[in-house]
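A.B. asks: Once you've had a glance at the structure underneath, I'll fire off some questions.
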Amino acid sequence: MKTDPDVIVIGAGGGGPVIAKELGELGIRVLVLEAGPWYGNKNWPNPNENRGEEKESSNPNDLDGALYRKQITRLENDMNDFVSGKFRWGSADRRRGPWYRNIPDPTILWQTAGIGGGTIHYYANSLRAFPHAIDNEWPINYADLIPYYEKVEKTLPVEFAPTTSKEALFYYAAEQSGFSLNKTLDVTSSGYRPQPNAILPPNEHLMDPNYSMEEISHMEGCTLSGHCGQGCPYGPTYEKMAKRSTNVSYVPLAMKTGNVTFRPNTFVTKVLTENDVKRGKRAVGIQVRDTWTGETEELRAKVVVMAAGCIETPRLWLNSELPHNPWVGRGLTNHYMDMVTGTFDEETLTEIIGSPSINPFVGHTSGARLDYPGLGMIENIGESPGISAQTLFAFSEYGYNSLGESNQEMWESRGRLVGSELEEAMKGYRRTLTLSVITDDEVQFHNRVELDPHVKDEHGAIPLVHYTPSEKSKMRREQLVKIATDMLRKAGAKEIHRSDLPPNYYIHLQSTMRMGYVVDTSCEAYQVERLYIADNSADYNSLGGPNPTLTTQALATRTAEHLANKYF
Amino acid sequence: MQATFRALTDSLVPSTRRIGYESPINITDMGVHEYLIYGLDHYIAIQEQLHHITLPLAYPTAIMLDEAATQLVNTGRAQASPQIQFPGGGMFSRLSREDRIQTLSALENLAFDLYLLPSPFQNNGGLIKHVIDALNRFAMFGYYSEWPAYGTTRLYPPDDRRLEFFPWGWQQVGYPGVSLGYRDFRGMLIEYEEVKAKEVD
Ligand SMILES: Cc1cc2nc3c(=O)[nH]c(=O)nc-3n(C[C@H](O)[C@H](O)[C@H](O)COP(=O)(O)OP(=O)(O)OC[C@H]3O[C@@H](n4cnc5c(N)ncnc54)[C@H](O)[C@@H]3O)c2cc1C
Ligand code: SF4
């Protein structure tokens, strides 16, 4: 961009590209700054090896599906390694370590820097909130959100997940436990249903052996490859990839408006403000640091939107020394999750699904769900072996199964499995159904992101993160774990393992800059004019349990309207 | 240090593998201990005055494991074997597999004198818990992901690694690896348009 943009958006993850596209369509000129690399853009043919010739990209012709496929290798270590993977929280240069966060507890904090942010590795479950968790709680109503949900669902687009073996088994298990199919988008009672996913329906020729898989993978539609978590490079072009991460959906749409420029490898280190005698503080621009060269620069705009995610948005507020607000960084929720895995024998499986194995790696990584308003939800997860072993058998607040009490009533094993136990459990991998328990997590003031008083990195004081679940969240999680265990047992699982995940498992981070406390109902900061938020941090609560991204995208769509009406 | 990490992975991941008709592969050949060392040494990057530095964690972690093992042995909670299974290793590598797990568990429960640990772990319970957990996760992700199959290029910069064979971990569990797709479509239970239409009624 040669002249100052009208709006600067910080972060191109779940929310940023959505507000950028909406503003761009209204003729507002937007510059989006993203800390991480850009995969699938011709300006950066080797995004992890060098800075490239260009600084930014606004031309949709720069986007290249073949290049994307080459870079997104779908190998779990290459893609998902927290230290050196392509999808990690760190700079484009993987020879360097990740960006450090101090979390003094067993922790997985799973975020990705890059165009697309957390949606490049997400499973694309695109859920509306539970209406009861919005009405009478949030400062806005569920009905206010519906038109925006619909708009995002159409744009991504969202479709219910296809059934593969693991979903068939999930539905059977839910039925056996007495639940019935809930044909709805707005959930008010418990029941199971396919996940509404931002994934294109399966290619129409998928089951036709006259088409080779290679051919099909270059055509439109999901191929059921099961690589959602490793990124999805299947489709005819970059913007037609089957999984609708923002990088392949909203980013190209934003570029097509002719008003939006994206600049990767650029870390925003400060929000600049000015004092207006009459109206108080207002945002006027930002300071950035190039992650390759370390060069810093100041950029100005009429409005600044923070969409850096639940950790970095409050960190940036605090590092910018914006006005004190006790709720900045406070109220962090993470859906206090757990995992329960059932291993079935071949006969049982043949009887139920007509084949002797489930093959959890087939199909949408998460295609089926059970909603349970009041408690949260349960969904199936079918990850690759390394990720599965790490989450199911290495990460637990229970400690080591072998050191625990024997005679567990509910589960054959619990906690970490090592050595031959681990080997045995992983041998059953192809016959496992894993249920992820996702809790309606209560907001608490003491759960927080703050600045570490002692440690800095090249972008300023680093975030210090603290989370412990409330008694209510704990109780709800236990109840959901029971339901999940019961589902597996009733479906005939022979062995059931409970991971008993530690509280600091961050997949769904929410509500660290809450509406009604830090931002108003249009997501503008109460204390800083012209400063907006468009990421998961603006949520008032954890939505009752549903996956957060669709709500962030709906809110970002709504915020674009408010912002444009007020300032343009 | 290498010996300590060998002893660690030996206690966490399956020890020897017999794959197909080939001879057993020892997990040291899989190099998972080197994966841990790499991960720990690239984990924490911070700014100290004008310098951007990476704080290597592998060496202090090895010392911590040995120190904790020594404390367990001294208090009769574990026994050191006279046999040397991991040449060059300290006390941790002389414990039985079970006692190595006990040591990790004691560390994670902070059940010993934290003052005796090396920096940055000394009196730093949060970091200890964080790193002990990471050891478990790294070991399992290293073992069951494709990392060992990068063979001679394992420790190259990430973009220079090349797969040299099909990953053992994947072979063991029956994961077919990178896939273009699967023909396992069993239909749509419900569809978006149908559900939307119903709601309008
Ligand atoms: C394994 C996994 C599966 C998931 N599956 C689902 C799912 O199926 N459905 C769902 O709803 N959610 C899912 N999630 C959660 C989902 O990823 C997040 O809800 C979503 O990405 C949040 O969007 P956001 O805009 O708040 O933040 P992010 O997506 O994290 O975006 C923030 C962006 O800002 C950039 N950034 C941060 N700081 C700065 C800075 N200072 N300067 C410049 N740029 C910056 C980051 O690099 C990032 O790209 C999943 C998460 C994980 C880990
Ligand atoms: S299963 Fe996931 S990764 Fe595979 S084609 Fe479908 S959306 Fe893409």
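The values are calculated or read from the model by the stated rules, or taken from the named source; none is laboratory data. Being a predicted model, the structure only gives us computed values, none of them experimental. Ideal geometry is used to build each Cβ from the backbone, glycine not excepted, and the neighbour counts take in all protein chains shown. Ligands, DNA and RNA are excluded from the accessible area calculation, which covers all protein heavy atoms including side chains. Shrake-Rupley method; radii C 1.70, N 1.55, O 1.52, S 1.80 Å.
A.B. asks: Using a simple charge model, +1 on the beta-carbon of Lys and Arg, -1 on the beta-carbon of Asp and Glu, nothing else, what dipole does chain A show about its Cα centre, in debye to the nearest 20? Intermediate results must be reported in sequence, preceding the final value.
C.D. replies: Values: 57 positive and 72 negative charges, 206 e Å.
Computed about the Cα centre, the dipole is about 980 debye.
A.B. asks: Still on this structure, please answer the following. Averaging sequence separations of C-alpha pairs under 8 Å and six or more residues apart, then dividing by the length of chain A, give the relative contact order as a whole percent. Write down the numbers at each step before the final one.
C.D. replies: Numbers: 1447 pairs, mean separation 126.7, N = 568.
Relative contact order, chain A: 22 percent.
A.B. asks: Also: Please report the accessible area of A:Glu150 (heavy atoms, 1.4 Å probe, ligands and nucleic acids excluded) in Å², nearest 10.
C.D. replies: Probe radius 1.4 Å; accessible area of A:Glu150 about 70 Å².
A.B. asks: How about region A:277-313: which GluC sites (Glu not before Pro) there are in a DSSP loop, with at most 12 other Cβ atoms within 10 Å of their Cβ? List each step's numbers first, then the result.
C.D. replies: Numbers: sites: A:Glu295, A:Glu297, A:Glu298, A:Glu312; in loops: A:Glu295.
Within region A:277-313, the qualifying GluC sites (Glu not before Pro) (loop, at most 12 other Cβ atoms within 10 Å) are A:Glu295.
A.B. asks: What residues have an amide H closer than 5 Å to that of A:Asp457, excluding those fewer than 5 places away on the same chain, when H is modeled at 1.01 Å from N in the peptide plane?
C.D. replies: A:Ile462, B:Gln47
A.B. asks: Right, another one. Show the residues, 5+ positions off or on another chain, whose built amide H is closer than 5 Å to the amide H of A:Cys222.
C.D. replies: Those lying under 5 Å, H to H, from A:Cys222 are A:Leu200, A:Asn203.
A.B. asks: With contacts defined as alpha carbon pairs under 8 Å and 6 or more residues apart, what's the relative contact order of region A:302-367 in percent?
C.D. replies: Details: 20 pairs, mean separation 10.4, N = 66.
Here the relative contact order equals 16 percent.
A.B. asks: Once the dipole of region A:383-532 is set up with Lys and Arg at +1 and Asp and Glu at -1 on Cβ about the Cα centre, which of A:Tyr532, A:Val449, A:Gly428 lies farthest towards its positive end?
C.D. replies: Value computed over the given set: A:Gly428.
A.B. asks: Work out the charge dipole of the protein assembly as shown with +1 on the Cβ of Lys and Arg and -1 on the Cβ of Asp and Glu about the Cα centre, then indicate which of A:Ser58, B:Ala3, A:Leu488 is farthest towards its positive end.
C.D. replies: A:Ser58
A.B. asks: Accessible area, 1.4 Å probe, largest first: how do B:Thr70, A:Thr112, B:Thr75 sort?
C.D. replies: I get B:Thr75, B:Thr70, A:Thr112, largest accessible area first.
A.B. asks: A further question follows. Give the ranking of B:Glu48, A:Glu159, B:Glu199 by solvent-accessible surface, highest area first, calculated with a 1.4 Å probe. Before the final figure, lay out the partial values.
C.D. replies: Numbers: B:Glu48 95, A:Glu159 30, B:Glu199 70 Å².
Final ranking, largest accessible area leading: B:Glu48, B:Glu199, A:Glu159.
A.B. asks: If each DSSP helix of 4+ residues adds -39,500 (n - 2.57) and the sum is divided by the residues in chain A, what number results at 222 nm, nearest 500 deg cm²/dmol? Please list the in-between numbers first.
C.D. replies: Values: 14 runs with 136 residues, N = 568.
For chain A, the value works out to -7000 deg cm²/dmol.
A.B. asks: Turning to a different aspect of this structure: Trypsin sites (Lys or Arg not before Pro) within region A:366-423: which are DSSP loop residues with at most 14 other Cβ atoms inside 10 Å? If you can, show how the numbers build up before the last one.
C.D. replies: On the way: sites: A:Arg369, A:Arg414, A:Arg416; in loops: none.
Answer in residue order: no site qualifies.
A.B. asks: I need the phi-derived Karplus couplings for region A:82-87: 6.51 cos²θ - 1.76 cosθ + 1.60, θ = phi - 60°, integer Hz, Gly and Pro marked x.
C.D. replies: So the J values, rounded to whole Hz, are 5, 8, 10, x, 5, 9.
A.B. asks: With the cut-off at 1.5 for a/c, could you classify region B:12-144 from its C-alpha gyration tensor as rounded, prolate or oblate? It would help to have the intermediate numbers written out before the result.
C.D. replies: Working: a/c = 2.18, a/b = 1.20, b/c = 1.82.
The shape class here is oblate.
A.B. asks: ³J(HN,Hα) across region A:135-148 via Karplus (A = 6.51, B = -1.76, C = 1.60, θ = phi - 60°), whole Hz, x for Gly/Pro?
C.D. replies: With the stated coefficients, region A:135-148 comes to 4, 6, 10, 5, x, 10, 9, 4, 4, 4, 7, 3, x, 6 Hz.
A.B. asks: In addition: Work from the charge dipole of region B:2-200 (Cβ charges, +1 for Lys and Arg, -1 for Asp and Glu, about the Cα centre) and give the residue of B:Leu189, B:Pro158, B:Gly31 farthest towards its positive end.
C.D. replies: B:Gly31
A.B. asks: Where the only charges are on Cβ atoms (+1 Lys, Arg; -1 Asp, Glu), what is the dipole of region B:2-200 about its Cα centre, to the nearest 20 debye? Provide the component values of the computation, followed by the final result.
C.D. replies: On the way: 16 positive and 22 negative charges, 86 e Å.
Dipole about the Cα centre, nearest 20: 420 debye.
A.B. asks: What is region B:2-200's relative contact order, in percent, from Cα pairs under 8 angstrom and six or more apart in sequence? Show your work: numbers first, answer last.
C.D. replies: Working: 238 pairs, mean separation 38.5, N = 199.
Value for region B:2-200: 19 percent.
A.B. asks: Moving to a separate point now. Would you tell me the accessible area of B:Phe185, worked out with a 1.4 angstrom probe on the heavy atoms of the protein chains, in Å² to the nearest 10?
C.D. replies: Taking all protein chains as shown, B:Phe185 has close to 60 Å².
A.B. asks: Related question: Scan region A:239-328 for trypsin sites (Lys or Arg not before Pro) in coil per DSSP, keeping those whose Cβ has at most 10 other Cβ atoms within 10 Å, and list them by number.
C.D. replies: Filter output for region A:239-328: A:Lys278, A:Arg279.
A.B. asks: What's the magnitude of the charge dipole for region A:336-493 around its Cα centre, counting Lys and Arg as +1 and Asp and Glu as -1 at the beta-carbon? Answer in Debye, nearest 20. Show your work: numbers first, answer last.
C.D. replies: Numbers: 15 positive and 25 negative charges, 33 e Å.
Once rounded to the nearest 20, the dipole reads 160 debye.
A.B. asks: Ignoring ligands, DNA and RNA, what accessible area per residue does chain A give at 1.4 Å, in Å²?
C.D. replies: On the way: 17560 Å² over 568 residues.
Spelled out: the 1.4 Å probe surface of chain A, per residue, equals 31 Å².
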